[in-house]
Every structure is written in C-alpha cells, then in structure tokens.
1. Look through the range 286-344, keep the residues that are outside any helix (DSSP H, G or I) and aromatic (Phe, Trp, Tyr), and return whichever of them is surrounded by the most Cβ atoms within 10 Å (Cβ to Cβ).
2. Taking the range 106-136, which residues are of a type in the set (S, T, N, Q), exposed (fewer than 11 other Cβ atoms within 10 Å of the Cβ) and part of a helix (DSSP H, G or I)?
3. Identify the residue in the range 82-105 that is of a type in the set (S, T, N, Q), under 14 Å from the mean Cα position of the chain (by Cα) and surrounded by 12 or more Cβ atoms within 10 Å (Cβ to Cβ) and, among all such residues, is modelled with the highest pLDDT.
4. In the range 61-96, how many are among the β-branched types (Val, Ile, Thr) and free of Cβ contacts under 8 Å to residues at least 24 places away in the same chain?
5. Have a look at Pro286, Pro295 and point out the one that is more than 18 Å from Asn169 (Cα to Cα) and touching a Ser or Thr at 6+ places or on another chain (Cβ under 9 Å).
6. Got a sec? Which of Ile85, Ile77, Ile71 is out of contact with any His (no Cβ under 6 Å at 6 or more places or on another chain) and not in a helix (DSSP H, G or I)?
7. It is to be established whether one or more residues within the range 42-60 are part of a helix (DSSP H, G or I), more than 27 Å from the chain's Cα centre (by Cα) and without any contact (Cβ under 8 Å) to a residue 60 or more places away in the chain.
Amino acid sequence: MKRFLPFVLFGLALVAAVPAQTDLQPAAIVRLTKTEPITVKQLRTEVERMETQARRKFSPAERRQILDVMINERLAIQAAERDKITVTDNEVNQQIQQLRDQLRQSLGRAPTDAEFTRAIADETGLELNALRDQIRRQGIIQRYLVSKKQDILQSVKAPTEAEIVDFFNNNKTQFVRPDTVRLSMILVPYGQDRTKARALADQLIREIGSSASRFDEAVLKAQAPDSGYQGGDAGYLPRNDQAQQRVGQDLLRAAFNLKQGEVSSLVESPQGYNILKITETLEMKPLGLDDMAQPGTRVTVKRYIEDYLSQQRQQEVLARAQQELVTELRTGNPFQVFEANLNW
C-alpha cells in the first residue's frame, strides 16, 4: 500500500492545481502599447469585491461589463503612459490625507491607523495599498481624459434664470425645511471598554444634572486631551429619516422632546452615550428661492438649484467625453476577450 501513496498524492496535487491554472488564464489581453493580460483571478477578485458592496451576486452579463471597464482602464493607462502623463506619490498622499480628515470629522478625533484601514476596507472593499494604486490609476486616467477632451469638458453652459425658476416651480414640494433643532452635545464614545464609557457618562450626568451652565462647563472641559469625551456644537438636526438613520431613533426623539436651553438625560446613539442641549429651534417651513437651502449655511435655494443643474450638465458632458475616448481607444480592437474563460 505504501508504494502507491506518492502517486495518489501526486494525483491530488494535479487536481488542486487546476483552479490555480484557471485563475492564471487570461480573461482578456490588452495591447495598445504593450501586452498586458487581465487574468481570470483579477477579474474574479474585482467582481467579488463589487458583489460584496452590492450585497448580491452578479449575472454573467454584469461580470462582462466589469471586464469591459477593466479593459477600458488599461487602454487609457497605456495611452497615458505613452503620453508621459503621471500622478506623483505626493498627490496620492494628499488624497489619502483627505480621506483621513473626513474620518477624523466623523469620529470627532484623529483615527488610529487600524481604524482608518478598517474604514477603507468597509467603504471600498480594498486594502490601503490597493486603494493607493486605484487613486493613482484614476488620477492618471482623469488627466488623460482632460488632455484629450478639454474642448468638450469646457463646453458646459451655466443654467439660465428661467431654467432655475422652472426647476423650482416643478419641484416646490421638495423645498421644505423640516422641524429642525441645533444641538450642543456631549458624547462619550463607546470605545474598546463600553463599561468604562458608561461609568464616565453616568459621572457626567450626575455632575451636570439639569443645569445648562454646568453643561456648558462640561463642554469646555471636553477640550482637555485626557477628558475621555467630546463636547461642542453638533450643528443642525432635522426631523427626518436620514437623520434618524445617522443618529438613531432614541437621540432624535430625545432632541425633539427638549425645549430650547433644556438639558437631556443620558441618551444612547450608534456613536456612544450622549447628553444634549438645544440651542436653537426652527419650525417646518416651505422655502422660497431666496431662503437658505440648509440652516447654518449661506447657500440659497436658488444657488442650490444652479449648482445642481450645473453638476448635472457636467456629468452629462463628462459621460459623452468618456464615451468618445473609449470609442477612440478601442478602435482597431487593441484587446482580445477569452469568452471561454469567463464562466465560473
């Protein structure tokens, strides 16, 4: 029996190698300025990442669309390299820092490296190095597009006064400010030790009680680096579904049950333990063109509509420019798709 064992193991090794060989087979080959394969593994990885974000399985037609996007990207990258268009490490780092700053604003403090990496993975499905590579590639493609289609991209016309008024009249029911409050808030994040966070929150609520002045004192103490909690102006909170999803039903209900200047009891939210004080109350109101689109900003409804219509036109022009560029890059079929390798 023993002398047959190596042959059996060798046979198993051959079977196990089949999926690996399949993964290394090309799904497509791009050859505009050089030969560059897109392997089945690369395609499968991208499909699975996008399926995870979409929370569903993609059809063969959708998988083929993803492959087409990957082909277009590689064609554009090769063309950009030919034209010596690049993106520097410093430019990539600046975009990464912007993402860190956004997370800092969301958390109310500087994120740790682990928190930032986890947030990137949750939002994009990518590891940090893969995200850096994606930022670089997309930056190169964007610069190449601008260099080739600048005339189209600059052809966007600003909306006229009549178009703005027409849009407003057709969408008046959408321009309503809901009941809104402005909050001053103390937040004790759950952190790694929820029991410790609760103890600190209980201590704060005992010290503050219902006193608005003691609440303000506690907010000032939050600035100390070892305070263990955050405090300050939390901005405007509207009474709508989006706000409820963001801060939780309990906090939203507590905020709108308070009178202006009144201090709440301890309230839990998805972020941690909270103590609230209302500093401003705004009732529901239909908005006119000259009203502020959102409290606390200087953007009028008119300006909001103007920006919206401009962005809409920019997107339409961008889509046309991209389609023209893709058509030009694909002229002469500088790529090959291996249909037999796309079924899994």
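1. Among those that are outside any helix (DSSP H, G or I) and aromatic (Phe, Trp, Tyr), it is Phe335.
2. Selection gives Asn129 alone.
3. Among those that are of a type in the set (S, T, N, Q), under 14 Å from the mean Cα position of the chain (by Cα) and surrounded by 12 or more Cβ atoms within 10 Å (Cβ to Cβ), it is Gln95.
4. 3
5. The match here is Pro295.
6. Ile85
7. No, the range 42-60 contains no residue that is part of a helix (DSSP H, G or I), more than 27 Å from the chain's Cα centre (by Cα) and without any contact (Cβ under 8 Å) to a residue 60 or more places away in the chain.
One line per residue, one yes/no per condition, for (1) surrounded by 12 or more Cβ atoms within 10 Å (Cβ to Cβ); (2) modelled with pLDDT under 95; (3) of a type in the set (Lys, Arg); (4) assigned by TED's automatic domain parsing to the domain that holds Asn333:
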position	(1), (2), (3), (4)
Ala27	yes, no, no, yes
Lys34	no, no, yes, yes
Ile38	yes, no, no, yes
Leu43	yes, no, no, yes
Arg49	yes, yes, yes, yes
Arg56	no, no, yes, yes
Asp68	yes, no, no, yes
Arg74	yes, no, yes, yes
Ile77	yes, no, no, yes
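The values are calculated or read from the model by the stated rules, or taken from the named source; none is laboratory data. Because the structure is a prediction, the values reported are computed rather than measured. Cβ sites come from the backbone with ideal geometry, for glycine too, and all protein chains shown count toward neighbours.
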